[in-house]
Amino acid sequence: MNFKNFIAIIIFTTLIIFFSVCNLSGQTAIIRGFVYEKETGEPVIFTNVYLANTTFGSATDVNGYYLISNIPVGSYELMVTNLGYDTLRMSVTLKPDEIVNKKLYLKKASYTLETINVTADKYEMRTETRTSVVKITPKQIKQIPSIGGQPDLAQYLQVLPGVIFTGDQGGQLYIRGGSPIQNKVMLDGMIIYNPFHSIGLFSVFDTDILRNADIYTGGFNAEYGGRISSIMDITTRDGNKKRIAGKVGVSTFGAKVMIEGPLKKQSETGGGSSSFIFSAKNSYLEQSSKLFYNYIDTAGLPFNYTDLYGKISINAANGSKINFFGFSFNDKVNNYKALSDFHWNSTGGGINFLVIPEKSPMLMEGHFSYSTYKIFLEEEYFPTRSSTINGFNIGLDFTYFIGKNQAKYGLEMLGYKTNYYFINSLNREIKQAENTTELAAYFVYKISTGKFIIEPGFRVQWYASLSNISPEPRLAIKYNATDKFRIKFAGGWYSQNLISAVSDRDVVNLFYGFLSGPDNLPDRFDGEEITHKLQKSQHAILGFEYNLTDNILINVEGYYKYFSQLTNLNRNKIFDENKAPDQPDLLKKDFIIEKGDAKGIDFLLKYDYRRFYFWAVYSFAFVHKFYENTDNELVEYVPHYDRRHNINLVGSYLLGSKMNWEINVRWNFGSGFPFTKTQGFYESLNFTGGINTNYIIENGELGILYADLNGGRLPTYHRLDFDMKRRFEFGNHMILEVNISVTNVFDRKNIFYIDRITHEKVYQLPIMPSLGINFTF
C-alpha cells in the first residue's frame with residue numbers, strides 16, 4: 001500500500017459518512033446544547049440529559065455537550081440530573097426536522113451529600129463500551145492521600161488497575177506491560193513527552209485546572225494512534241466565566257498559585273463569553289529538606305521543578321469555542337548520590353476548537369500545537385547522555401449523531417525531530433538525528449442494538465520517513481446481560497515509530513529520552529525477513545463489570561498484549577558497523593529487534609456511598625521479551641518493570657456534621673522488580689592510539705562484567721500513606737484547608753537503586769510528614 005492508496009482510503013471513508021448522514025430525515029427532531037455550572041460557567045461533564053418518561057437521553061461529553069436525536073415530534077419535559085446539583089426541568093416542543101439548541105445551567109444542591117444517590121456513571125456503563133479505560137476527575141484525585149495538601153494525578157495513577165509505578169524517585173509509569181515510551185500523553189490535544197517529575201510523587205499537571213483525564217490501559221479505538229500500549233488524554237478547564245477566583249497553597253514541599261476569571265462574563269440570556277486560567281507550581285524541597293528532612297540527607301533533597309500553564313477560552317453564543325494555551329515544565333536534580341547533573345525541560349503551546357454547525361447533527365473538533373523536550377544526564381562514573389525531541393501535531397475530528405448510534409472520523413498529522421547522544425558501557429558511541437512525519441486517518445462507528453453496544457473502528461497510519469503504512473483494525477463490544485451485569489471486549493492492531501533512549505542495564509532508569517525509529521535495522525529476526533521498520537502490537541482485553549449493589553462495583557479484566565516487533569537500543573554493540581561489516585548484527589548495530597508479550601488479570605472493587613469511599617485493586621501480571629544472540633538463537637528475559645503482584649488499597653472518610661473533616665489512607669504492595677546483577681570488574685582499554693597504543697602503560701577505565709540480563713530481583717515494595725484535612729468556610733467562596741500528611745508511615749526501606757561501583761544501597765523516600773495550607777477564593 002502506497003501514499004496514493006492512503007489518500008484513497010480517506011476519500012472513501014468521507015463519502016461513506018456523507019451519504020449516511022444525507023439519508024437521515026423523517027418526522028423527528030433533535031435537541032442539543034451544553035450543560036454548565038451556574039456558579040462558574042464551567043461545563044458539567046458526564047451528566048444525564050433526558051426526556052422524562054421516555055427512553056430518549058444522552059450523557060454530556062468532556063465539553064458538557066449533549067445531543068438527543070431521532071425524537072418523535074411533540075411536547076416533552078427535558079430533565080438533567082447530576083450528583084451535587086439540583087435537578088433541572090424544562091418544557092420543550094419539537095417540530096419535524098427541527099434542531100433545538102438548549103443551554104442548561106445547573107445550580108449546586110442546597111442539601112448535603114448524605115441525601116444524594118443520583119449518578120451518571122451507571123448510565124454511561126450501559127451506553128459506552130468502557131473496556132480498559134478509567135475516567136478520572138479532580139474529585140477522585142483528591143481522595144488519594146496528598147503530599148503537603150497538593151493532590152496530584154501522579155499519585156492517583158499509581159492505584160489504577162494494571163498500572164505499575166517504579167517509585168518515589170525517578171518514578172515512571174508502566175501500563176499493562178507497556179513502557180513509558182509506549183504510553184501517549186496528551187494535554188488539550190498536545191503531546192506531552194514527559195509528564196512526571198524526578199521525585200515520582202508529582203506530575204507536571206495542576207489538579208485544580210484539570211477537567212477530566214481518560215486513561216486507556218489498552219484496546220483503545222481508532223481515534224488514538226501512534227503508540228502500542230496505552231493513552232492518557234487529559235483536558236483542562238476553561239476558567240471561571242462569572243467571577244475572578246483562585247487558589248494559593250504552600251507546604252513543606254512546594255507552593256502553587258492558580259487564578260481564573262472572565263474576560264467577558266457569561267450570560268444565561270445569550271451571547272458569547274471569554275475566560276482565562278493560569279497555574280504555577282514549584283518545588284523548594286532542596287531548601288526546605290535541609291530544615292524539615294535533614295535526617296534523610298544532611299545535604300538536602302535536591303529535587304527541583306517549576307510548572308507553568310495558561311489558557312484563554314473564547315466561547316460563541318451557540319457553544320462553539322476556541323482555546324489558546326501554552327506551558328513550560330522543567331525538572332532538575334543537583335548533585336544527588338551518583339548523579340552529577342540531571343535535568344529536563346519541556347515547553348509548548350497551541351490552539352484547539354469546537355464547532356457546532358447550526359443545521360447539522362454534527363460536532364467538529366480540531367487542534368494544532370507545537371512542543372519541545374530536552375533531557376540531559378551526567379553521572380559520576382558513566383558517560384553523559386542527552387536527548388531532544390520537538391515537533392508539531394495537527395488533528396481534525398468529526399462526530400455525527402445518528403439516533404443512538406454515532407459515527408466519528410478524523411485526520412491527524414504530526415512531525416518531529418529527534419536528536420540523541422549516548423556512549424554505551426563498552427564505550428561505543430550511539431547517536432542519531434532524524435526528522436519524522438506521520439499522517440493518519442480513522443473511522444469509528446458506534447452501534448447500539450438491543451443489549452449490545454458494538455464499536456468497530458479502523459485507522460490507517462502512514463510513516464512517511466520510513467515509507468511504511470500500517471492498517472489497524474479496532475473493535476470494542478459490550479453486552480448488557482442485565483442492568484447490573486455487563487460483559488465487555490476490546491482489541492486491535494497498533495503501531496508506533498518512537499523508541500526509547502533508555503539503557504536496560506540500569507537498575508533504575510532516570511534517563512527518559514526519545515529516538516525516532518531507525519531504518520538501519522537487522523535484515524532478519526527469528527528466522528524471518530524484516531518487512532517494515534515499525535514497532536507493532538496486538539491487544540485483546542476481555543472482562544466484566546458487576547454492580548453488586550447500587551454502591552458497590554466489581555470490575556475484572558484479563559488482557560493479552562503481543563508485541564510482534566520492538567526496536568531496542570543495542571546494549572551489546574562493540575564494533576562500528578562501517579569498520580566491521582562482517583561481524584554479527586548484535587555486535588555492530590546501534591539498534592536491534594525484539595519481540596515480547598504481556599498478560600495478566602486485574603481485579604477492582606469500588607465502594608462509594610455517602611461519607612465513605614473505598615477502592616481496592618489487585619493485579620497479577622507477566623511481561624516477557626526476546627532478542628537474538630550472536631548464534632541467532634532467541635534469548636528470553638524480563639524487562640525491569642516486570643512486577644508479578646501489585647496491590648492498592650484506598651480509603652476516604654468524611655467526618656463532622658458539615659463533613660469538613662476528611663481522612664484518606666492508601667497502601668501499596670508490589671513484588672520486587674528485576675535488575676541485572678554485577679559479576680565483576682576489569683580494566684577497560686580504549687586503544688585511543690589504534691594498533692600503536694601501548695597497552696602496558698596506558699591507564700584504562702573501570703569496566704563492568706554483567707550477569708544475565710535482569711536475572712535478579714529487588715526486595716518487595718510497600719508503602720502506607722495517610723493524610724487528614726480540615727476545611728474552614730468563610731462566606732460563599734472563601735475556603736481555608738489545612739492538611740497534615742505522612743508519606744511512608746511505616747518508614748519502609750524500599751530500594752531506589754544500588755550503586756554498581758560502591759555497592760551502596762540507595763533507598764526510596766523514608767517516612768516524611770508534611771504540612772500544607774490552601775486558600776481558595
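The values are calculated or read from the model by the stated rules, or taken from the named source; none is laboratory data. This structure is a prediction, so every number in the text was calculated from the model and none was measured. Every residue, glycine as well, gets a Cβ built from its backbone with ideal geometry; the counts of neighbours run over all protein chains shown. Keep in mind that these areas ignore ligands, DNA and RNA; they rest on the heavy atoms of the full protein, side chains included. Shrake-Rupley method; radii C 1.70, N 1.55, O 1.52, S 1.80 Å.
Couple of notes before you dig in:
- When a 1.4 Å probe is rolled over the protein heavy atoms, the share of accessible surface on region 41-83 that falls to carbon and sulfur comes to 52 percent.
- Selection among THR127, PRO161, GLN140 by position relative to the dipole of region 122-214 gives THR127 as farthest towards the positive end (Cβ unit charges, Cα centre).
- Protein heavy-atom surface of region 552-600, 1.4 angstrom probe: 51% of the accessible area is carbon and sulfur, with nucleic acids and ligands not counted.
- Rounded percent of accessible protein surface that carbon and sulfur make up, region 197-334, 1.4 Å probe: 62
- In terms of the mean number of neighbouring beta-carbon atoms within 10 Å, the peptides 547-557, 574-584 order highest first as 547-557, 574-584.
- Once the convex hull of all Cα atoms in region 226-373 is built, its volume per residue stands at 151 Å³.
- Annotation: aspartates and glutamates with alpha-carbon distance below 18 angstrom to LYS725 (same-chain offsets under eight excluded): ASP152, ASP208, GLU662, GLU737.
- Average accessible surface area per residue within the chain, 1.4 Å rolling probe, Å²: 40
- Rounded if a/c under 1.5, otherwise prolate or oblate - region 158-271, Cα gyration tensor axes: oblate
- For region 127-210, the square roots of the Cα gyration tensor eigenvalues, ordered a ≥ b ≥ c, give a/c below 1.5, which places it in the rounded category.
- Above-threshold pairs, the threshold being 27 Å between Cα atoms, out of LYS478/LYS599; LYS561/LYS749; LYS107/LYS184; LYS321/LYS484; LYS139/LYS408; LYS488/LYS606: LYS561/LYS749; LYS107/LYS184; LYS321/LYS484; LYS139/LYS408
- Prolate/oblate/rounded label for region 444-601 (Cα gyration tensor, a/c 1.5): prolate
- Protection-proxy order for peptides 34-45, 449-460, each taking the mean of Cβ atoms within 10 Å per residue, highest first: 34-45, 449-460
- Low-density loop positions, chymotrypsin sites (Phe, Trp or Tyr not before Pro), region 285-319 - DSSP coil, at most 16 other Cβ in 10 Å: TYR295
- Simple label model, 7 Å out from Cα along Cβ direction - ARG713 to LYS264, nm: 6.4
- Spatial separation of Cα centroids for region 618-684 and region 294-322, in angstrom: 28
- The lysines within cross-link reach of LYS677, meaning a Cα-to-Cα straight distance under 19 Å and a gap of 8 or more places when in the same chain, are LYS625, LYS761.
- Bridge type composition, the chain - antiparallel percent by DSSP, nearest 5: 95
- GluC sites (Glu not before Pro) within region 524-555: DSSP coil, no more than 14 neighbouring Cβ in 10 Å: none
- Straight-line reach from LYS431: taking Cα to Cα under 23 Å and skipping same-chain neighbours fewer than 8 places apart, the lysines in range are LYS374, LYS417, LYS533, LYS573, LYS579, LYS588, LYS589.
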